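This report concerns only the one structure given below.
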Amino acid sequence: MINTYYNFNTQSFTGHKRISISKLENYLKEGKTVKEIADLFDVSYGTIYNLMKNFNIKRAQVKTVEEIDNIMKNIANQNLTLTKMIRMTGLSKYIIVKWYKEQFATTPKKIQKQELLSLLQSELTNKEIAKQLDISISTVKANRQKYKLSNKKRKKESLMSKILEKLQQGMDRFQIAEEVGVSYSTVNRYLRTQK
């Protein structure tokens, strides 16, 4: 049932903060993004979107293909999530995904997934990967488990290759242990598994 007492002609929204609907409309006409407007009113993006929905305010669609192209080229190589791209640019999800498909024949989500997989196979720690991709450490850990790319296995393989490399250089087991930074017994154990 629709609330018939709600006045859709109200010129302001009163909540925790008072927001002028006419100012909101003017900012949108000027071409400001929802992020910029939210910052100006010192409220969340959701508040602005809700106001736009409640008062039936549409964004001005004045961006040309060239403008969209310039905006997207500036952020395409920053490893941003789709949500962050939407917030930064003020463009819709549809426009961003469409641009990515035209430029890279894929979506931003697939590109980020490929980047994550390549970093999971590198020597980087979970914390370094999370920082580089601007995602949480728990997301990195979950993906390590999902794709069976655990840290322990990777570290063990890396250590084994270092030990074998030093052995081929003619070092004895004590020298290898000192050089690699592990104990003599660890070097012996790794070399026994190779026989």
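The values are calculated or read from the model by the stated rules, or taken from the named source; none is laboratory data. Values in this document were obtained by computation on a predicted structure and should not be read as measured data. Cβ placement follows ideal geometry from the backbone for every residue including glycine, while neighbour counts extend to all protein chains displayed.
Quick notes on this one:
- Matching residues in segment 91-121 - criterion: being in a loop (DSSP other than H, G, I, E, B) and surrounded by fewer than 18 Cβ atoms within 10 Å (Cβ to Cβ): Ser92, Ala105, Thr106, Thr107, Gln121
- Residues in segment 153-182 that are hydrophobic (A, V, I, L, M, F, W, C), over 41 Å from the mean Cα position of the chain (by Cα) and not in a helix (DSSP H, G or I): Met171 only.
- Yes/no for Ala130 being closer than 18 Å to Asn79 by Cα, outside the structural domain of Gly31 (by TED's automatic domain parsing), out of contact with any strand residue (DSSP E or B) (no Cβ under 8 Å at 6 or more places or on another chain) and hydrophobic (A, V, I, L, M, F, W, C): yes
- Against the list (1) surrounded by 14 or more Cβ atoms within 10 Å (Cβ to Cβ); (2) at pLDDT 85 or above; (3) assigned by TED's automatic domain parsing to the domain that holds Lys84, the condition Ser136 fails is (1).
- Hits in segment 183-195 - residues which are farther than 14 Å from Glu157 by Cβ and part of a loop (DSSP other than H, G, I, E, B): Ser183, Lys195
- Within segment 36-83, the set of residues being among the basic types (Lys, Arg) and under 23 Å from the mean Cα position of the chain (by Cα) comprises just one member, Lys73.
- Selected residue (criterion: nearest to Asn188 (Cα to Cα)) from residues of segment 122-152 that are among the small types (Gly, Ala, Ser) and not in a helix (DSSP H, G or I): Ser150
- Taking the criterion of being of a type in the set (Phe, Trp, Tyr), at pLDDT 85 or above and touching a Lys or Arg at 6+ places or on another chain (Cβ under 9 Å), the only residue of segment 144-195 that qualifies is Tyr184.
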